[in-house]
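Chemist: What follows is a single structure, and I will ask about it in a moment.
Derivation of every value follows stated rules applied to the coordinates shown; laboratory data play no part. Keep in mind that this is a model prediction, so the values were computed, not measured.
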Amino acid sequence: MHGSPDNVLYGIVIDNKVCHPKNNVSYLGTHAGMIGITRQTHYYVLLDQAGFSADDLLEFVHSLSYMYQRSTTTIFFVPPICYAHLAASQLGAIYED
């Protein structure tokens, strides 16, 4: 999958120049934009109890983007966020008055 030639390449990491120099902040483009433009996800690490390096954490997040069962391609959010949103939507529909 190559996507549009005008889009940023998938797997690209932006973690310097436009990000805060001291905070663990980055942008990660995890998917190829087939039509239109791609959306890079902004990641801001609040607390890293696992002790990941910045590069290892971004590699882990990029690997997670391939794990969403409802898609055959990568997605721009990590699947745990998508699954939590889906579960909250379904529970909201169940408990709606």
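Chemist: Quick one: what are the phi-derived ³J(HN,Hα) couplings along segment 53-61, Karplus 6.51/-1.76/1.60 with θ = phi - 60°, whole Hz, x for glycine and proline?
Modeler: Once θ is set to phi - 60°, the couplings for segment 53-61 become 6, 4, 5, 5, 5, 5, 5, 5, 5 Hz.
Chemist: If you stretched the chain out fully between Glu59 and Val45, how much longer would it get, using 0.36 nm times the residue separation minus the C-alpha to C-alpha distance?
Modeler: Length gained between Glu59 and Val45: 3.6 nm.
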